[in-house]
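Structure first, commentary second.
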Amino acid sequence: MDFSERLIAPTDFATYLLAACFILYALAKYFYPKRFHEFSMLPITNQYFFVHGKNDELNHPFNIMLFAAQILCVSIFVFLLFKVFNPSEIEGNEWLFLQICTAYSVFVLIKFSLEKIVANIFSMDALINNYLYQKLSYRNFLGILFFAGNLFFLYVYPPTAIGLIIFGGCLLALNVIALLYSYKKNGKLILGNFFYFILYLCALEISPYIILYKSFV
């Protein structure tokens, strides 16, 4: 009788990173249970913004924990994209995930800083802070969906090109819907300053993603 070793390929660093994300979500829920419950109801009601979005709370520990988890979850998903579409890059670059994580973090923080600077120049700090808080909250919620998607692709169904594209496309559509909702909520202000809104949209919402896409390709 011939024996063959049963080798189970480890999920390496992804398991530890997803465990870290789970811990961050658990800590957020443990220390801020009411806030987490209201946050989890974002797709249904806007109560979270009415209660917590009036003041500048972007640096609140709750937001920081969810933002850190968002960075890890999005970076893992991008890594899976490389794994499917460009596996040779993973084989030849052992620091790829760290580079993805760093690039995404720097991109988001620079974009956030530019928006804060623009808000300060035009004396619109209160309004832009409220908008940034809404955008951060929606994207932190999408981070939870990325977390669930990563679990599915890593441990339930192996990632495929079609599966990743469909999942990523759905989350991208949800992100666009969230942005459109924020614009609709501030519709009167936008119509009154339509020219500046178009400049903002082109300079800080569209062009950064075009640059990121070109860099990615």
Inset, instruction - Report, ordered by the first and then the second residue, all pairs with beta carbons closer than 7 Å, sequence separation of six or more or different chains, a first member in the range 93-122 that is under 21 Å from K83 (Cβ atoms), and a second member that is among the aromatic types (F, W, Y) and part of a helix (DSSP H, G or I). - result: L96/F79; L96/F82; F97/F13; F97/F79; I100/F79
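Which residue is farthest from V74 (Cα to Cα), if the candidates are limited to the range 145-163 and must be of a type in the set (A, V, I, L, M, F, W, C) and buried (at least 19 other Cβ atoms within 10 Å of the Cβ)? Before you say what the answer is, go through the steps one by one.
Of all residues in the range 145-163, those of a type in the set (A, V, I, L, M, F, W, C) come to 145-148, 151-154, 156, 161-162.
Still in the list and also buried (at least 19 other Cβ atoms within 10 Å of the Cβ): 146-147, 153.
Values: F146: 6, F147: 8, F153: 13 Å.
In this case the residue turns out to be F153.
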Inset, instruction - Filter the range 79-121 down to the residues that are under 20 Å from L154 (Cβ atoms) and of a type in the set (V, I, T), then identify the one that is surrounded by the most Cβ atoms within 10 Å (Cβ to Cβ). - result: I100
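If I ask for residues that are of a type in the set (F, W, Y) and outside any helix (DSSP H, G or I), which ones from the range 110-138 would you list?
Initially, the range 110-138 is screened for residues of a type in the set (F, W, Y), giving 112, 122, 131, 133, 138.
Result: F122, single match.
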Legend entry - Odd one out for L142, checked against (1) crowded, with 17+ Cβ neighbours inside 10 Å; (2) at pLDDT below 90; (3) among the aliphatic types (A, V, I, L, M): (2)
Legend entry - Residues of the range 86-109 satisfying the condition of being of a type in the set (A, V, I, L, M, F, W, C), modelled with pLDDT under 90 and either under 18 Å from L164 (Cα atoms) or not in a helix (DSSP H, G or I) (or both): I90, W95
Inset, instruction - Find the residue count for the range 184-200, including only residues that are aromatic (F, W, Y) and either at pLDDT 80 or above or surrounded by 15 or more Cβ atoms within 10 Å (Cβ to Cβ) (or both). - result: 2
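The values are calculated or read from the model by the stated rules, or taken from the named source; none is laboratory data. Keep in mind that what you see is a predicted model, and the values were worked out from it rather than measured. Note that we place each Cβ from the backbone using ideal geometry, even for glycine, and neighbour counts take in every protein chain shown.
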